[in-house]
Amino acid sequence: MITCILLSAGASERFGSPKALASLWGTPVIVHIQTALLQTSCDKIIVVLGAQADQIQPSIFIHSRIRVVYNKNHYFGQASSVQAGWREADISSKGVLLLPVDCPLVAASSIDKIIDYFGKHDPDILVPSYQNKKGHPPIFHQRLKSKVLNLPKDQGLNSLFAQHPPQTVDIDDEGIVKSFNTPQELEKIISGFPTKTFGNDEQL
C-alpha cells in the first residue's frame, strides 16, 4: 500500500497566486494532478493545504481515495507539510510518495513505475531520475516515519539522505524534472508539453 501526499500548502509568493490553481491547458494544476493520481496504484491521496486553503479547497475532488489535511504550520516549510500528511497516512502504507503541486507534468504511468520499483527493491528512499537528473516524486519508506515526524523545524527531508542514501530509478519521462515557481517558468514547461498525454494515452 502506497499513500501519496500531494503538497499544496505553500504561500506561492513568487508565483503571486496559488500555484495549485494555475491554469494548465485551461484547467487548474491541482485538478490535473488529482486526475493523474487517480489513474495510479496509489491507495490513498492526502492533499495537504495551508496558505490560501479556502481558495484551493473547492478544486479538491470528493473521492473515496482523497483526503484533505490542513497544515497549520505551513509557514515552516515543506517538511512540515510532509509531517502533517504522514500523520494521517494509513499505518499499513509501506511508504509515502511525495508530490509537490508545482510538479504537474509527471505521467501517471511513471508514478506506477516508481511504485513498482519501490515494491520490488524496498529502499529507504527512492528518487526517480531523468537523464541523470533527479526529480519527483520520491518515495519514503514507512520505517522512516518516526525520523521524518521528528525532524526539527529548521531541517528539510534532505537531512536524512546522509544516513539513508536514496536509491534512484531511471524513468523515461521529462515531466519528473519539470517544476515551476513563477508564471514564466510555468509557461516555459508547458511549451515543452503541448497538450500532451500523461502516459496512459489519455489527455487529462
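The values are calculated or read from the model by the stated rules, or taken from the named source; none is laboratory data. Predicted, not measured: the structure shown is a model, and the values here were computed from it. Note that we place each Cβ from the backbone using ideal geometry, even for glycine, and neighbour counts take in every protein chain shown. Heads up: the accessible areas ignore ligands, DNA and RNA and are worked out on the full protein's heavy atoms, side chains in. Shrake-Rupley method; radii C 1.70, N 1.55, O 1.52, S 1.80 Å.
Key figures for this structure:
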| item | result |
| --- | --- |
| Long-range neighbours under 9 Å by Cβ, at least six apart or interchain, first residue closer than 30 Å to D116 by Cα and without any contact (Cβ under 8 Å) to a residue 60 or more places away in the chain within the range 35-62, second basic (K, R) and open to solvent by 60 Å² or more (accessible area, probe 1.4 Å) | K44/R67; I45/R67; I46/R67; V47/R67 |
| Unique residue being among the acidic types (D, E), in contact with a helix residue (DSSP H, G or I) (Cβ under 7 Å, 6 or more places away or on another chain) and at pLDDT 95 or above when the list is D172, D124, D112, D116 | D124 |
| Candidates Q131, Q142, filtered to the one that is open to solvent by 20 Å² or more (accessible area, probe 1.4 Å), touching a Ser or Thr at 6+ places or on another chain (Cβ under 9 Å), over 21 Å from Q39 (Cα atoms) and modelled with pLDDT of 95 or more | Q142 |
| Whichever residue in the range 31-50 is open to solvent by less than 40 Å² (accessible area, probe 1.4 Å) and small (G, A, S) and, among such residues, is farthest from R67 (Cα to Cα) | A36 |
| Subset of the range 77-100 that is out of contact with any helix residue (DSSP H, G or I) (no Cβ under 9 Å at 6 or more places or on another chain) and surrounded by fewer than 17 Cβ atoms within 10 Å (Cβ to Cβ) - its residue that is nearest to K178 (Cα to Cα) | G77 |
| Filter pass, Q55 being out of contact with any strand residue (DSSP E or B) (no Cβ under 8 Å at 6 or more places or on another chain) and not β-branched (V, I, T) | yes |
| Selection within the range 62-76 - open to solvent by 40 Å² or more (accessible area, probe 1.4 Å) and closer than 22 Å to V31 by Cβ | I62, H63, S64, R65, R67, V68, Y70, H74 |
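Conditions tested, residue by residue: (1) assigned to a loop (DSSP other than H, G, I, E, B); (2) closer than 18 Å to Q78 by Cβ; (3) touching a Ser or Thr at 6+ places or on another chain (Cβ under 8 Å).
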residue	(1), (2), (3)
I115	no, no, yes
G119	no, no, no
P137	yes, yes, no
V148	no, yes, no
G175	no, no, yes
